[in-house]
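Undergrad: Just passing along the structure, written as structure tokens.
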Amino acid sequence: MSGGGAERVLTQIADNLSKDNEVVLVAAYKTENEYFRSQQVKTIYIDDGINNKHSIRQIYRLRKIVKNENADICLSFLPQPNFKMILASLGINAKVVVSVRNDPKMEYASLFSRILSKLLYPLADGIVFQTQEAKAWFPKKIQDKSAIIMNQVDEIFFNTSRLSEDYWVATGRLTQQKNYPLMIKAFKKLVLNYPDEVLHIYGEGEKQEEIEKLIEELQLSNNVFLMGSTDNVVEVLRHAKCFLLSSDYEGMPNGLLEAMAVGLPSIATDCPCGGPREIIKTGENGILIGVGKVEELYEGMKLIVENTDIRNKFSLNASKTSRVYRSKEVFNKWEQFFSKIRGR
């Protein structure tokens, strides 16, 4: 069970597990743009038309599904689904694994969610984090039953060759978290010295109008373009010069992982909860900058523009260091953790 952006990762895990196991994917409700899943994966929606959107009803329905499907292990992502899965499985002979997918200081910012996590997470059989920093935020009794497993990257990204350096690229929803104003302000400084540089931003979100206004105010209409969503990220990345990530906080950013797997030089903020820091080693396979630091981002972009050797070095090393995120490697870690949980 999951929600939002975690759906893709959970769907990939379900598809992989379905090769040797019976897998049931539980979602709150059906959406128009669902990620592809194997025909071997059975899908059940909690909202079955009888108004199951209330939390109590969802927990009751989820409990019924776990019992009817005779579940061996239940896996969920994100705070609310995690809480519901733990409550729904109390007293049932099924192991529960929950996963923290973002900066816990933000995901559990409210007092209520912090209390619930401290009360309920110790009841889970296992907890998966994406970074050491996220793990360290929780009490030791939660850390002791945890594993760190990063996101997997589809094989197509590793099998893709870059064709050109036509533009800078960023991917991700247009939200407060992604801090696109930082990126655009730094890009303005770059354009003053290199007027032919172009930035393509892929994504949609509630900050689109605000970002469009900033692009206009900074007179960047010929340099920065909001491209909307795309179904072909691979094709976008293979024509890019460099990948940019300006987030104030992140879990393990899929966009950055995919870009580096293609061999794209990348610049990212060293944001909590440490995802970019786990991926990028400054000067070796990319550049880390301080959160909110316009001047640092500009200097990093200037270095990329002016140094072909640096771009080539980052490209080669990014491809090499990304191999640990191949689907097979990551799925093996999930399966090993599930085996450990079964044995407890």
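Undergrad: From the phi of every residue in segment 12-18, what ³J(HN,Hα) in whole Hz does the Karplus formula 6.51 cos²θ - 1.76 cosθ + 1.60 yield, where θ is phi - 60° and glycine or proline is x?
TA: Values per residue, Gly and Pro as x: 5, 5, 4, 4, 5, 5, 5 Hz.
Undergrad: Checking the table K320/K340; K95/K281; K95/K333; K178/K328; K135/K241 against a 27 Å threshold on Cα-Cα, which pairs fail? Before the final figure, lay out each step's value.
TA: On the way: K320/K340 30 Å; K95/K281 37 Å; K95/K333 17 Å; K178/K328 29 Å; K135/K241 34 Å.
In this structure, K320/K340; K95/K281; K178/K328; K135/K241 lie more than 27 Å apart at Cα.
Undergrad: Exposed loop GluC sites (Glu not before Pro) only (DSSP loop, at most 11 other Cβ atoms within 10 Å): please give the longest stretch of the chain free of them, not including the sites. Display every interim value, and only then the final one.
TA: Values: sites that count: E32, E206.
So the longest stretch without any such site is 33-205.
Undergrad: Moving on. How much of the accessible area of the chain, probe 1.4 Å, is carbon plus sulfur, in whole percent?
TA: Values: 7920 of 16350 Å².
Ligands and nucleic acids excluded, carbon and sulfur reach 48 percent.
Undergrad: Sticking with this structure for a sec: What is the angle, in °, between the Cα long axis of helix 308-321 and the longest principal axis of the Cα atoms in the chain? Nearest 10 is fine, range 0 to 90.
TA: That works out to roughly 10 degrees.
Undergrad: Oh, and also: Counting only residues 5 or more places away or on other chains, whose amide H sits under 5 Å from the amide H of S266 once H atoms are built in the peptide plane?
TA: Here the answer is F243, I287, since their amide H atoms fall under 5 Å of that of S266.
Undergrad: Suppose all protein chains stay in the model; what accessible area per residue would a 1.4 Å probe give for the chain, in Å²?
TA: Numbers: 16350 Å² over 344 residues.
Heavy-atom SASA per residue in the chain reads 48 Å².
Undergrad: Let me ask another. So how much accessible area does Y180 have, in Å² to the nearest 10, using a 1.4 Å probe?
TA: Rounded to the nearest 10, that gives 10 Å².
Undergrad: For the chain, what proportion of DSSP beta bridges, expressed in % and rounded to the nearest 5, is antiparallel? Mind showing how you got there, number by number?
TA: Values: 0 of 35 bridges.
Of the beta bridges lying entirely in the chain, close to 0 percent run antiparallel.
Undergrad: So how far apart, in nm, are the two label points at N232 and D196 if each is 7 Å from Cα heading toward Cβ?
TA: 2.5 nm
Undergrad: Using only Cα atoms and rounding to the nearest 10 degrees, what angle (0 to 90) does helix 180-193 make with the longest principal axis of the chain?
TA: On a 0 to 90 degree scale, this one is about 20.
The values are calculated or read from the model by the stated rules, or taken from the named source; none is laboratory data. This structure is a prediction, so every number in the text was calculated from the model and none was measured. Methodologically, a virtual Cβ is constructed for each residue, glycine included, from the backbone with ideal geometry; neighbour enumeration extends over all protein chains shown. With ligands, DNA and RNA removed, areas are computed over all heavy atoms of the protein, side chains included. Shrake-Rupley method; radii C 1.70, N 1.55, O 1.52, S 1.80 Å.
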